[in-house]
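Input: a single structure, listed below in structure tokens.
The values are calculated or read from the model by the stated rules, or taken from the named source; none is laboratory data. This structure is a prediction, so every number in the text was calculated from the model and none was measured. Here the Cβ positions follow ideal geometry from the backbone for every residue, glycine too, while neighbour counts run over all protein chains shown. Accessible surface is based on the protein model in full, side chains and every heavy atom, while ligands, DNA and RNA are left aside. Shrake-Rupley method; radii C 1.70, N 1.55, O 1.52, S 1.80 Å.
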Amino acid sequence: MQHALIDIEEKVESGVSLSLADGLALYRTPDIHTLGRLARKQKERKSGNKVFYVLNRYINSTNVCFAACKFCSFAADEFKEPGRVFRMTADQVFEKALETGTNFNQIHIVGGHDPRQLSLDYWLPLMRRFKEALPHVQLSLFTAAEIEYMARRHRLGFPEIVKTLKDAGLDNVNGGAAEILAEETRKKICPNKVSSENWIAIHEELHRQGVASNATMLYGHVESLEDRLDHMIRLRESQARVHGFNAFIPLAFHPDGNEMSDCGWTSGLDDIRTFAVARLMLDNFDHIKAYWMIQGLKVCQVALQFGADDMDGTHGSTDREMIYHSSGTQSGQYVDDREFRRLIEGAGYVPVRRNSTYDEFPYDWAPPELELERVLVEA
Ligand code: SF4
């Protein structure tokens, strides 16, 4: 084993956080097997033999957006390309979530910066309606970019907007819009989006008020390895200031149909290394998520041997994810929970059903019968 890896293993064993230089050594080592062993050991320290998944519904509520991120294939300009625009009413979002029953534990919704939808007038009544009809379902809504947009629109500070959303039932904020936090690179790929400083400030405010969140990183485009590690270290430092991130989710860049197509696809080895490096760098994060929609089910199963301990959600069988499907993902739209369980067991771990905040459920848990009947009648 390389000397650098021996030193890193000693640091990890004694609970010392890894430096950017350590991260570079991990990214560059040809000894992928040792990298995997170290990451797997760290995963098992955090979550033992468990690997998590959630029964959820996934909805993109609008693709109208004026932020014009260069890596985005999803957004549509309402005036220049009206044929591509979709925008769901609040009733449509509610009905969509219930389309395939009520036996799910999370509703995950994200959309663009759409002036006609991204406002408290639209979201607060819808959130309350969900909470009343489906008290067993956690609301995993928005990214920090959407929260910043609403704060500006309603002239609220971050503490006020977070309190307002929390009071309406927000349980968890999605990890998107982090992209790459290093400012110079961020300016090149998403100059109009929430700044790194505000992305972190919003998540810290959520955590201060007891709302959980996740954090993503978009990799495999114009960023350097130093940018990736700087991103992980900023997240680790934020978590140390105000604890509240549950999972880190590496998102591989997809090149179809956007301004950055010449960056091409990530490789399987880069994906696997990124899961492992993240597991080792983010020593104060409990979970590293291998989101099947992004890297594909097979790579995500392998990632379970390289530090990941979560495969994200089933989605509903009629859900239509649009963000990654616009940019070329070959993954399907839906995974049966039995498939998650087969893949997790095949990787040598115990599958555990969870909700957004990692409360655990028996695999065959279902909401009470009476509640289910009432929701279906009222819907
Ligand atoms: S990534 Fe999000 S914020 Fe950026 S253009 Fe696409 S929809 Fe808008």
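If the condition is being among the acidic types (Asp, Glu) and under 13 Å from Met232 (Cβ atoms), then the stretch 1-28 contributes only Asp22. Flag set for Leu139, criterion: in contact with a helix residue (DSSP H, G or I) (Cβ under 8 Å, 6 or more places away or on another chain), part of a strand (DSSP E or B) and more than 15 Å from Ser238 (Cα to Cα).
Find the helices (runs of 4 or more DSSP H) located wholly in the stretch 266-379 whose residues include 3 or more that are at pLDDT 95 or above and buried (at least 17 other Cβ atoms within 10 Å of the Cβ), and list them.
Working: elements: 268-281, 292-295, 297-303, 323-326, 337-346, 369-378.
The helices (runs of 4 or more DSSP H) meeting that bar are 268-281, 292-295, 297-303, 337-346.
Taking the conditions (1) in a loop (DSSP other than H, G, I, E, B); (2) buried (at least 21 other Cβ atoms within 10 Å of the Cβ) in turn, Asn192 satisfies each one other than (2).
In the condition set (1) part of a loop (DSSP other than H, G, I, E, B); (2) closer than 24 Å to Met150 by Cβ, Met127 is compliant with all but (1). Inspection of the stretch 88-99 finds no residue satisfying the criterion of being open to solvent by less than 50 Å² (accessible area, probe 1.4 Å), within 16 Å of the ligand (Cβ to nearest atom) and either of a type in the set (Val, Ile, Thr) or in contact (Cβ under 8 Å) with a residue 40 or more places away in the chain (or both).
Here's the yes/no breakdown for (1) free of Cβ contacts under 8 Å to residues at least 12 places away in the same chain; (2) aliphatic (A, V, I, L, M):
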site	(1), (2)
His325	yes, no
Gln330	no, no
Asp337	no, no
Glu345	yes, no
Gly348	no, no
Arg353	no, no
Thr357	no, no
Pro362	yes, no
Ala366	no, yes
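The one condition from (1) at pLDDT 95 or above; (2) within 16 Å of the ligand (Cβ to nearest atom); (3) open to solvent by 30 Å² or more (accessible area, probe 1.4 Å) that Arg45 does not meet is (2). Would you mind stating whether Phe104 is more than 15 Å from Val137 (Cα to Cα), in contact with a strand residue (DSSP E or B) (Cβ under 8 Å, 6 or more places away or on another chain), part of a loop (DSSP other than H, G, I, E, B) and at pLDDT 95 or above? No.
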